[in-house]
1. Aspartates and glutamates within cross-link reach of K173: Cα-Cα under 18 Å, excluding same-chain residues under 8 positions apart?
2. Per q in 0.07, 0.08, 0.10 Å⁻¹, report the Debye log10 I(q)/I(0) for the chain, using one uniform scatterer on each alpha carbon and no solvent.
3. Rounded to whole Å and sorted largest first, list the principal axis extents of the Cα atoms in the stretch 32-108.
4. Rounded, prolate or oblate: which fits the stretch 382-485, taking a ≥ b ≥ c as square roots of the Cα gyration tensor eigenvalues, rounded meaning a/c under 1.5, else prolate when a/b beats b/c?
5. What are the aspartates and glutamates whose alpha-carbon lies under 18 Å from the alpha-carbon of K327, with same-chain residues fewer than 8 places away excluded?
6. Using only Cα atoms, tell me the angle between helix 15-39 and the longest principal axis of the chain; keep it within 0 to 90° and round to the nearest 10.
7. Where the centroid of each part is defined by its Cα atoms, how far is the stretch 260-314 from the stretch 216-243 in Å?
8. Of all DSSP beta bridges in the chain, what percent run antiparallel (nearest 5)?
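Laboratory data are not the source of any read-out in this text; all were calculated from the coordinates shown. Here the structure is a predicted model, which is why all the values come from computation and not from measurement. Cβ sites come from the backbone with ideal geometry, for glycine too, and all protein chains shown count toward neighbours.
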Amino acid sequence: MRDRTAPHHHVDDFPTMKLLIFLVPLLLPLLAIAAEADDRPNFVVIYADDLGYADVGFNGAKGYQTPHLDRLAARGVRFSDFYVAQAVCSASRTALLTGCYPNRVGILGALGPQSRHGIHESETTIAEVLKSRGYATAIYGKWHLGHHPQFLPTRHGFDDYFGLPYSNDMWPKHPTAKFPALPLIEGEKTIAENPDQTQLVTWYTERAVKFIDQNRDKPFFLYVPHAMPHVPLFVSDKFAGKTERGLFGDVISEIDWSVGQIVEALEQNGLTEKTLVIFTSDNGPWLSYGEHAGSAGGLREGKGTSFEGGVRVPFVACWPGKIPAGKVCREMAMTIDLLPTFARLAGIDEIPSQRRIDGLNIWPLLSGQKDAKSPHEALYFYWGEGLEAVRSGNWKLHFPHGYRTLAGKPGGRGDQPGPYQQAKIELSLFDLAADPGETTNVAEKHPDVVARLQLLAEKARDDLGDSLTKRKGKGIRPPGRLPEESK
Ligand code: MG
């Protein structure tokens, strides 16, 4: 029996309903987009500073433990052959954030308080790519792509910033440096000078955890570039004196704690299976600091060189349910690959930039697709503007170049560095599969390989330039400069 109080529905009586029936087919694609949006992962990148290949438990660290990093590796994939583009802070960070070789975008070396350039406004950072699709974005830590306001993270895609604009040794109390006060920046404002560096890891971690809590319901990109273990080393009371390795081990323990806090925040917010967490480093160990430096294990040399100890870094990626647990990927990849990979995972087919980038999608490697190969025919290793080496497959060819080395002597003690010497390497081919330590030049045995890698290098020189052979690159772009310096 009909309930007489109920309205007698007929479409014609209800203009609103009619409108809805008309609108629903139009709205469906939007609803589909909304549903799809829920599937987009969060991205967390934790980036250590001057942490060497062998400074994490899963790569054999000695004298301290990294249980949180090891757990991340056990639940995800680690790469044995993951690289930074250049073994120094600003250049390396620029590559990670723009997906470009730093030479392409004109940021080399390590910018300091006197620098008058930074990331160009027309370059596109990971944060800008993701923010354009509604991601919340934050950086808590060391920026190093320019400290003047127009170069700061808040002008390059990050909603929130708290940290140092450049290296933590660029402060007046560092034994080997004379610098003005080291600023701690929040947003675009300097909130402290010469901050208590023992608290940096704690502060960055607390902000990271808060950001995760606050953004549990929307996709986010969280970038945590720790200032440690770059010298001068500092650790909070929580970890001071806790390891056999001394201050360096204490500092790594605190970074490991930070990783644990971030992972726990994701777990508590139910985001573990919606979040890709990556941990890596900006370059190898600063070997001259001896006691206060890390280790590249069996790899040759360290920070500031194009040998494996400088450019090969620990890398782990964890995303339960999407990345198989406990795998090791032995294909080569580089930090420049993160931007296009994240873009693809966020459902962005075309990166919103007219500018060419160098990175390639490595999701097939991360997700352990059967027989997946590195998408790169070659990776290029510049120091400054000089092309020092190229890797293709397991072959690495060094071009004649000078480099710094301890030449078998010990590094410094305490916070004092030991002296580097200058050395020179001639044209040398190494088979990294058999000889990851780059000890045995096999160029004479493999002239065909040398010729092939020379040809690849020629392409890079034409595109990105090379000061060693006095070449100007056709594909390089200028950095951003302060107005009075622009031409
Ligand atoms: Mg560094």
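1. Answer for K173, where 18 Å is the Cα cut-off: E193, D196, D415, listed by chain and number.
2. Summing over Cα pairs of the chain leads to -0.38, -0.48, -0.73.
3. Reported extents, whole Å, longest axis first: 52, 36, 18.
4. Numbers: a/c = 2.48, a/b = 1.04, b/c = 2.40.
Oblate.
5. Hits, sequence-local ones excluded: D70, D81, E273, D371.
6. So the helix axis and the longest Cα principal axis differ by about 20 degrees.
7. Spelled out, the Cα-based centre of one part sits 12 Å from the other.
8. On the way: 35 of 59 bridges.
Around 60 percent of the beta bridges assigned by DSSP in the chain are antiparallel ones.
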